[in-house]
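Step one of this worksheet: look at the structure below.
The values are calculated or read from the model by the stated rules, or taken from the named source; none is laboratory data. Bear in mind the structure is a predicted one, so any value in this text is a computation, not a measurement. Please note: Cβ atoms are built from the backbone with ideal geometry, for glycine as well, and neighbour counts cover all protein chains shown.
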Amino acid sequence: MSEVAAIVLAAGPSARYGRPKQLLDWNGVPLVTHVSNLALAAGLRPVIVVLGSEADSVRAALAGLPVTVLINWRWEEGLSTSVRTGLSAVPAESGAAVLLQCDQPLLTPAFLQALVDRQRETGAAVVYPVHEGTRGTPVLFARALFPELAHVDGDQGGRAILDRHSEETSTVEVADPDILADVDTPPDYKRLRKRITSRAGDAAVLRPVRGLMVDMDGVLWRGDQPIPALQRFFAFLADHSIAYVLVTNNSSKLPRQYVTKLAGFGVRVDESLILTSGQAAAAYLADATPRGTRIYTIGEQGVDQPLQERGFVIAAEDASYVVVGWDRDLTWKKLATAALLIHGGAGFVGTNPDTSFPTERGPVPGNGAQLAALEAATGVAPFVVGKPGARMYLEALMRLGTAPEETAVLGDRLDTDIAGAKRAGLAAVLVLSGIATEADLARAPERPDLVCSDIGELTSVWERALAQ
């Protein structure tokens, strides 16, 4: 599957502001940095930022980011010149590019990924967002249209291309129009700043936090791509003596594999700071049944090894329990064996209920989908150990050594991370860099205490909350 590039258009002047609009503060970082981070968090590669007016000062705001910075010396001739400049740097292996304005701060990584997913599902030449029939930006263009884009003049941008290829387009419906809004004027900026404050909740909830349960997939990374500001986030926790446990419903890996992955992103953690749902399932069974009990498993190393370390025997014949975790080599035979054992009276335990798993290309089936198949086949519901179950939170609290009133949960899923935190009486912080979207948030029965785009924004919000 070819990569999708991002072209961040940030060359225009800011006459209404009296200073570069690209440098307006957005939760502690310049606007151009914030939007570039959104593109990086969505897995768009490469991220190309096109500068023009006051390029030197704007370029400084991008220092240290893994982005390609280009200067459009003809920016005064219109937006199309910036589009051409950006297209010149899109590598041959990129099958499409998303054109982003640098002044749409309420975009989210999940929304940008939705554009990419729609293009991959439909093969459309153009994908753009729509709110109640009105077309918006950003827009994804397939590589086949790059030559036409390069010949657009003036300030047309890609609008003329959309009109010419109206039958080759696909859309992503957007429920909240502010996701697509730009800060064209100072009143726009003021209004959207109030909107993000309203959406985010009360940052004061962070002040008493001394312990943090941190989900990983969709929070610290998407697939093999780290979320921008990952190292800054962990440095902040260390600088403020905030204890943490990395708590994941993903049972496919062992703690040492997460240690290695984080080390590859420049972050060092100890294995004792990682808690998987596979470990929690093994701890639950150690309380429920003697060592030596035979257990049939569906899952990977992260399911089998914790059970073996607790003295259980992994076997299909005469198994007293079936334990099901996420299995990327799942087969019909495995499901059939598990179903027959459950029909025969074996206990049915699920490591976690997540129906999907976030990757850099979008959500894929998770362990909850496997559990649903077995429940449909047997009529038996599993006992699920992972989030939002209480077992994971109790185990994490024991490791943290903090009281519930000084502990928070950080995650990307409303149905597991946030719902479980609320049930356990813990503060709940949601990031929109993984599964949950703004639309999900609007209809959620249980709202988080705080919402941030990603851990970079959370770090900025937390720093300000402690400084007050």
Discussion item. For ASP449, only one of the following conditions fails: (1) surrounded by fewer than 24 Cβ atoms within 10 Å (Cβ to Cβ); (2) out of contact with any strand residue (DSSP E or B) (no Cβ under 8 Å at 6 or more places or on another chain). What is its number?
Written reply: (2)
Worksheet, complete the sentence: Residues of the stretch 17-52 being assigned to a loop (DSSP other than H, G, I, E, B) and either under 21 Å from LEU87 (Cα atoms) or in contact with a Gly (Cβ under 7 Å, 6 or more places away or on another chain) (or both), in sequence order, are ALA42, GLY43, LEU44, ARG45, PRO46
Practice prompt. Could you tell me whether ALA181 is crowded, with 18+ Cβ neighbours inside 10 Å and at pLDDT 85 or above?
Written response: yes
Worksheet item: Do we find a residue being surrounded by fewer than 17 Cβ atoms within 10 Å (Cβ to Cβ), over 17 Å from the mean Cα position of the chain (by Cα), in contact (Cβ under 8 Å) with a residue 60 or more places away in the chain and outside the structural domain of GLY366 (by TED's automatic domain parsing) anywhere in the stretch 264-271?
Response: no
Worksheet item: Which of the following residues is surrounded by fewer than 17 Cβ atoms within 10 Å (Cβ to Cβ) and under 17 Å from ALA373 (Cα atoms): THR351, THR331, THR297, THR289?
Response: THR331
Discussion item. If I ask for residues that are touching a helix residue (DSSP H, G or I) at 6+ places or on another chain (Cβ under 6 Å) and modelled with pLDDT of 90 or more, which ones from the stretch 32-48 would you list?
Written reply: VAL32, VAL47, ILE48
Worksheet item: When you scan the stretch 337-368, how many residues do you find that are assigned to a helix (DSSP H, G or I), more than 17 Å from VAL303 (Cα to Cα) and of a type in the set (Gly, Ala, Ser)?
Response: 1
Worksheet item: Restricting attention to the stretch 212-223, does a residue exist that is assigned to a loop (DSSP other than H, G, I, E, B) and surrounded by fewer than 19 Cβ atoms within 10 Å (Cβ to Cβ)?
Response: yes
Discussion item. So in the stretch 120-147, with the set limited to residues that are outside any strand (DSSP E or B) and either in contact with a Phe, Trp or Tyr (Cβ under 9 Å, 6 or more places away or on another chain) or of a type in the set (A, V, I, L, M, F, W, C) (or both), which one is nearest to PRO177 (Cα to Cα)?
Written reply: GLY136
